[in-house]
Each structure stands twice: as structure tokens, then as C-alpha cells.
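Undergrad: This is the structure, below, for whatever I ask next.
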Amino acid sequence: MTGLRERFTWSQRLVHWLMAVCILAMLFIGVGMMSTVRPTYLTLVSIHKPLGATLLVLAFVRLALRLRYGAPPLPSGMPEPMKLAASLSHYAFYVLMFAMPLLGWGMLSAAAYPVMLFGGVHLPAILPQSDSLHSLLWAAHRYLALVFFALILLHLAAALFHALIRRDGVFETMASVRGR
């Protein structure tokens with residue numbers, strides 16, 4: 001990890017915003033998949049699977065960047081409960097960024113469905129075929145998606161709170177595109 005900085009590195013910001021767009025797309029595609037039985041369902045599934053695999057790769061990249069470069073320190077004047085909430089929410093994000101694609105992959109493996117990526121590449125099954133395991137993983141994937149939605153809303157609220165009310169520089173560590 002390098003010395004203290006005022007902002008995340010450009011690569012950390014790029015991966016953050018790329019993942020934010022992809023995760024939101026995945027969540028809304030997932031809602032669309034749950035709410036339709038029309039032919040568009042297959043189109044949504046054909047987007048959801050490779051996007052999930054892409055997000056898993058991006059999660060590894062993001063974790064590597066975080067371990068390599070760390071994060072800017074939170075303001076010294078920030079109350080300790082807010083610092084704890086920030087830390088716990090980031091751990092929760094990392095857990096969900098890995099858990100959701102792995103649950104999806106495992107769920108499809110347990111149902112003996114192929115995970116087809118771009119260009120016709122198939123991922124191997126990571127679990128044996130099992131109807132009961134598929135049902136369990138499906139429920140976990142669904143409920144954790146709702147948790148992910150809630151966490152994103154809290155994250156957005158916290159970002160706006162730091163940007164508009166506290167004005168303590170936390171928002172700028174990830175949102176700023178200009179050098180200082």
C-alpha cells in the first residue's frame with residue numbers, strides 16, 4: 001500500500017463507477033427476470049449471466065486495487081459511529097460483490113444450466129446438480145439482491161450526506177475527476 005492520499009486512484013475510481021453501473025444494471029435485469037415469463041426473459045438471462053461473470057472478475061480487480069492502494073483516510077472530525085458504519089458497509093459491499101455472482105453461478109450449476117459467456121464460452125459447473133441446492137441458492141441470490149439494493153440506497157444517501165451536508169471531502173475522494 002502506498003502513502004496517504006486525498007482521493008482514490010484513477011484506476012480505483014474507474015473500477016468503482018464501472019461496477020456501479022454494471023451492478024445497477026444487474027439488479028434491474030434481475031427484477032425484470034423475476035417479473036416476466038415473456039420471451040424477453042431469455043434475453044435478460046443472456047445478458048445477466050455474462051454480466052455476472054464480468055462483475056466477478058471486476059470484484060477481484062477491485063479487491064486487488066484496494067489491497068495495493070488502500071483508501072484515503074476518513075476526516076479526523078468524523079464521528080466514530082460514522083467511521084464504523086463506513087467500514088462495515090464497505091465490507092458488506094465486498095462480500096456481496098463476490099457472493100452474488102458466485103451464488104448465481106452455483107445456482108445455475110445446481111440446476112445443470114450452462115453459464116454461457118460472450119463468444120459462446122461456457123463456464124464449468126462449480127456444484128453438482130441438485131434441485132434442493134438450486135432452490136436454496138435461488139432464494140439466497142434473491143434475498144441478497146434485495147440486501148444489495150438496500151445497501152446501495154444507504155451508500156447513495158451517505159454519499160449525498162457527505163457531499164451536501166457535511167461537505168467534508170469524503171464524496172470527492174471517489175467522485176472527483178479533476179486533479180488537485
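Undergrad: Search region 40-53 for residues being open to solvent by less than 50 Å² (accessible area, probe 1.4 Å) and more than 17 Å from Ser109 (Cβ to Cβ), and hand back the single one that is modelled with the lowest pLDDT.
TA: Leu44
Undergrad: Another question about this same structure. Look at region 1-36 and say how many of its residues are exposed (fewer than 15 other Cβ atoms within 10 Å of the Cβ), of a type in the set (Val, Ile, Thr) and over 17 Å from Trp138 (Cα atoms).
TA: Summing the residues that are exposed (fewer than 15 other Cβ atoms within 10 Å of the Cβ), of a type in the set (Val, Ile, Thr) and over 17 Å from Trp138 (Cα atoms) in region 1-36 gives 2.
Undergrad: Only one of Met78, Met19 is part of a helix (DSSP H, G or I) and not small (Gly, Ala, Ser); which?
TA: Result: Met19 is the single residue among Met78, Met19 that is part of a helix (DSSP H, G or I) and not small (Gly, Ala, Ser).
Undergrad: Moving on to the next point. Looking at Ala125, Ala92, can you tell me which residue is surrounded by 14 or more Cβ atoms within 10 Å (Cβ to Cβ), on the phi < 0 side of the Ramachandran plot, of a type in the set (Gly, Ala, Ser) and in contact (Cβ under 8 Å) with a residue 24 or more places away in the chain?
TA: Ala92
Undergrad: Also, I was wondering about something else. I'm checking my understanding of the structure. Among residues of region 94-116 that are touching a helix residue (DSSP H, G or I) at 6+ places or on another chain (Cβ under 8 Å) and not in a helix (DSSP H, G or I), which one is farthest from Phe60 (Cα to Cα)? Reasoning before the result, please.
TA: Step one: filter region 94-116 for residues touching a helix residue (DSSP H, G or I) at 6+ places or on another chain (Cβ under 8 Å), giving 94, 96-108, 110-111, 114-116.
Next, from what is left, pick out any that are not in a helix (DSSP H, G or I): 111, 114-116.
Numbers: Ala111: 26, Pro114: 23, Val115: 19, Met116: 20 Å.
Per the stated criteria, the residue is Ala111.
Undergrad: Please enumerate the residues belonging to region 128-162 that are farther than 30 Å from Met78 by Cα and either part of a loop (DSSP other than H, G, I, E, B) or open to solvent by 40 Å² or more (accessible area, probe 1.4 Å) (or both).
TA: Pro128, Gln129, Ser130, Asp131, Ser132, Leu133, His134, Ser135, Leu136, Trp138, Arg142, Tyr143
Undergrad: In region 38-72, which residues are under 22 Å from the mean Cα position of the chain (by Cα) and not in a helix (DSSP H, G or I)?
TA: The answer is Gly70, Ala71, Pro72.
Undergrad: Search region 79-89 for residues being out of contact with any helix residue (DSSP H, G or I) (no Cβ under 9 Å at 6 or more places or on another chain) and surrounded by 12 or more Cβ atoms within 10 Å (Cβ to Cβ), and hand back the single one that is nearest to Leu63 (Cα to Cα). Let's see the steps before the verdict.
TA: The initial filter retains those residues of region 79-89 that are out of contact with any helix residue (DSSP H, G or I) (no Cβ under 9 Å at 6 or more places or on another chain), namely 79-81, 83-84, 87-88.
From what's left, surrounded by 12 or more Cβ atoms within 10 Å (Cβ to Cβ): 83, 87.
On the way: Lys83: 20, Ser87: 15 Å.
It comes out as Ser87.
The values are calculated or read from the model by the stated rules, or taken from the named source; none is laboratory data. Computed from a predicted model, the values in this text were never measured in an experiment. Methodologically, a virtual Cβ is constructed for each residue, glycine included, from the backbone with ideal geometry; neighbour enumeration extends over all protein chains shown. Heads up: the accessible areas ignore ligands, DNA and RNA and are worked out on the full protein's heavy atoms, side chains in. Shrake-Rupley method; radii C 1.70, N 1.55, O 1.52, S 1.80 Å.
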